[in-house]
1. Just for segment A:315-341: of the residues that are under 15 Å from residue A:299 (Cα atoms) and β-branched (Val, Ile, Thr), which one is nearest to the chain's Cα centre (by Cα)?
2. Can you run down the residue pairs with Cβ atoms below 7 Å, 6 or more apart or on separate chains, where the first is in segment A:258-286 and over 26 Å from residue A:177 (Cα atoms) and away from chain B (no Cβ under 14 Å) and the partner is open to solvent by less than 70 Å² (accessible area, probe 1.4 Å) and hydroxyl-bearing (Ser, Thr, Tyr)?
3. Considering every residue within segment A:370-379, establish whether at least one is in contact (Cβ under 8 Å) with a residue 24 or more places away in the chain, under 24 Å from residue A:186 (Cα atoms) and either of a type in the set (Lys, Arg) or in a helix (DSSP H, G or I) (or both).
4. Of (1) closer than 22 Å to residue A:145 by Cα; (2) in a helix (DSSP H, G or I); (3) open to solvent by less than 30 Å² (accessible area, probe 1.4 Å), residue B:54 satisfies all except one. Which?
5. Considering only segment A:217-255, state which residues are in contact (Cβ under 8 Å) with a residue 40 or more places away in the chain, within 14 Å of another protein chain (Cβ to nearest Cβ) and in contact with a Gly (Cβ under 6 Å, 6 or more places away or on another chain).
6. What are the residues in segment A:148-180 that are of a type outside the set (Val, Ile, Thr), more than 14 Å from chain B (Cβ to nearest Cβ) and out of contact with any strand residue (DSSP E or B) (no Cβ under 9 Å at 6 or more places or on another chain), if any?
7. Might you let me know whether segment A:58-77 holds any residue that is farther than 27 Å from residue A:217 by Cα, at the interface with chain B (Cβ under 10 Å from one of its Cβ atoms), out of contact with any helix residue (DSSP H, G or I) (no Cβ under 6 Å at 6 or more places or on another chain) and not charged (D, E, K, R)?
8. I'd like to know if segment A:367-375 contains one or more residues that are over 26 Å from the mean Cα position of the chain (by Cα) and among the basic types (Lys, Arg).
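The values are calculated or read from the model by the stated rules, or taken from the named source; none is laboratory data. Source: prediction; values computed, not measured. Cβ coordinates were reconstructed from backbone atoms using ideal geometry, including for glycine residues, and neighbour counts include every protein chain displayed. Accessible surface is based on the protein model in full, side chains and every heavy atom, while ligands, DNA and RNA are left aside. Shrake-Rupley method; radii C 1.70, N 1.55, O 1.52, S 1.80 Å.
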Amino acid sequence: MSDQPRTLAEKLWDAHLVRAGGDEPDLLYIDLHLVHEVTSPQAFDGLRAAGRPVRRTDLTIATEDHNTPTDNLFSIVDPVSQTQLETLRKNCAEFGVRLHPLGDDEQGVVHVVGPQLGLTQPGMTVVCGDSHTSTHGAFGALAFGIGTSEVEHVLATQTLTQRPPKTMAVTVDGVLPEGVSAKDLILAVIAKAGTGGGIGHVVEYRGEAIRALSMEGRMTVCNMSIEWGAKAGLIAPDETTFAYLEGRPHAPKGEAWDEAVAYWRTLPTDEDAVFDAEIVIDAAELTPFVTWGTNPGQGVPLGAVVPDPSVYTDPVQRGAAERALEYMALTPGTAMRDVDVDVVFVGSCTNGRIEDLRNAAEVLRGRKVADGVTMMVVPGSARVRAQAESEGLHEIFREAGADWRFAGCSMCLGMNPDKLAPGARSASTSNRNFEGRQGPGGRTHLVSPQVAAATAVAGHFAAPADLV
Amino acid sequence: MEKFTVHTGTAAPLRRSNVDTDQIIPAEYLKRVSRTGFADGLFKAWRDDPTFVLNQPAHATATILVTGTEFGVGSSREHAVWALQDQGFRAIVAPRFGDIFRGNALKGGLLPVELPSEAVEWLWDALDADPALAVTVDLEAREVRAGERSWSFPLDDFSRWRLLEGLDDIGLTLRHEADITAFEGARPSRLPRTQAA
């Protein structure tokens, strides 16, 4: 098997096979299981009912993020939310799982917490009851979201039954133009491939433009793999990965570090390995991007206009576009730069890391959020918040008139008090523009942190270069 | 898990593609810690519309949902499956499903049935013409039948067997516990552990 050239995805798969063959799906070992309050209570109930323990508490870690307030750390208004958080606390105490609750120094969005602790490393398998687990693929780890039944399965067995996915390469050649970010890149990929383009595939992002991205940028790209249906997103580990990891609390140390790096260097896709599919993108053609519709594939360059549904030859796509425009209250032909926003949200597992906040702050420095626009900046974790404050970013946000908040999923998903009002329009650095995603009737446009900040200043969609 | 062998029931045509998990059940409804009681959140944004298919008496008790491509894309929330089951659905027919939703549905015994677009459109038209049309989803034969028509659908042998027998996934995996323990014995010690470093 090892003589055949293999892709990174295939190497990761092979290295985690507990058993394969016969009439059953492969049984895959899971190196790290991340847990949060929303998709775990029924799984712990299942363990209790069957009298099963958590097999590997030492490979399991929990945090509170989806359901938590971000305006304070202590007052949870909704009793149902309170119950869900208390249920996680009780379950973690009973089963012996490490938990970082609201108010803890390591609390935060689960996909920000794992990497910043150094728990996410190349060559691992990482799962979580959350579709944006694909984020961790940025390290060259096979990482994917699972449902609650599978959460219970991993808690009980530290394995999952899986069928080998197909592989796809997304090759981004060339250099990203000035002002074009990882978020713009992935939004352009999704617009090109469509929301179902990746279904059944593990996608490896490669090429010069990917190699040039920071770890934060790579996480943004891999995070949104699920938005075009991919099972997982991957980026091969390299010096950028190693530099990010070295010295983090759970990264290997001393001899173990050298041993680990030597292994990690064997992971990249072999030269002659074959992917089942490939998409090639020229980085030089990319520009800041913005979505206009109600799925992440409905996006255009910031300089474009709202498309006319009649340009779609596929009746399914045309129907979806017509419905999206009605929901979004947009007229074909309107320049995206002429669309005004009410709310700007910077945060989430897609763009809530320190580099994202620095990028937004750089645009806001010395400027003001436009009248009538509300801007929220929500760090992805308590650590990110502390880091941002040590750099004075919170002062820049506050002086610009933005609201500087505590860590959590916040307005990404309309589950906690941070919601978009019915009919309100947002520029959001999150990952989903589905109908009602940020609150019933809310209208979401996905953008990068730079575009979000520029839009907050202009009051309508704008790139930093548009600001005087 | 309830066994699934052959199910015959009425079907509801949901003429939409890309019905994501936020449409199936919004996040607001995911705060509960139970496995049941999610029907009130199902298709929440559409339930106030009297023309919505499930609000029509002829389709209100349908047990099969016939819908457009890429059903269940989006989040990993298994609550989407539970809400559909709480509403009474046993099978969802669509040209293509989001991967995680499809996996969740198979775990919980809600059968995801992949039929070509032409079949879905035939069913939509047939159900509009006759809302009482009986539709049969036959897992034994991996076949859907309605009126004079029939279509086969793909499902791997293992998933089919699990559903036919109504077997507990974890119990099946634990038959291989010795393999898991052997694998664990060979894992490099440098791999991270979650205890405070």
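1. By that ranking, first place goes to A:339.
2. A:269/A:7; A:273/A:7; A:275/A:7; A:275/A:167; A:276/A:167
3. Our first condition is that a residue be in contact (Cβ under 8 Å) with a residue 24 or more places away in the chain; within segment A:370-379, this holds for A:370-379.
Now narrow it down to the ones that are under 24 Å from residue A:186 (Cα atoms): A:375-379.
Next, from what is left, pick out any that are either of a type in the set (Lys, Arg) or in a helix (DSSP H, G or I) (or both): none.
Looking for residues that are in contact (Cβ under 8 Å) with a residue 24 or more places away in the chain, under 24 Å from residue A:186 (Cα atoms) and either of a type in the set (Lys, Arg) or in a helix (DSSP H, G or I) (or both), one finds none in segment A:370-379, hence no.
4. (1)
5. A:225, A:228, A:230, A:232, A:233, A:245, A:248, A:249, A:250, A:251
6. Of segment A:148-180, the ones of a type outside the set (Val, Ile, Thr) are A:149-150, A:152-153, A:155-156, A:158, A:160, A:162-166, A:168-169, A:173-174, A:176-179.
From what's left, more than 14 Å from chain B (Cβ to nearest Cβ): A:169, A:173-174, A:176-179.
Correct list: A:176, A:177, A:178, A:179.
7. Scanning segment A:58-77, I find no residue that is farther than 27 Å from residue A:217 by Cα, at the interface with chain B (Cβ under 10 Å from one of its Cβ atoms), out of contact with any helix residue (DSSP H, G or I) (no Cβ under 6 Å at 6 or more places or on another chain) and not charged (D, E, K, R), so the answer is no.
8. Yes: segment A:367-375 contains one or more residues that are over 26 Å from the mean Cα position of the chain (by Cα) and among the basic types (Lys, Arg).
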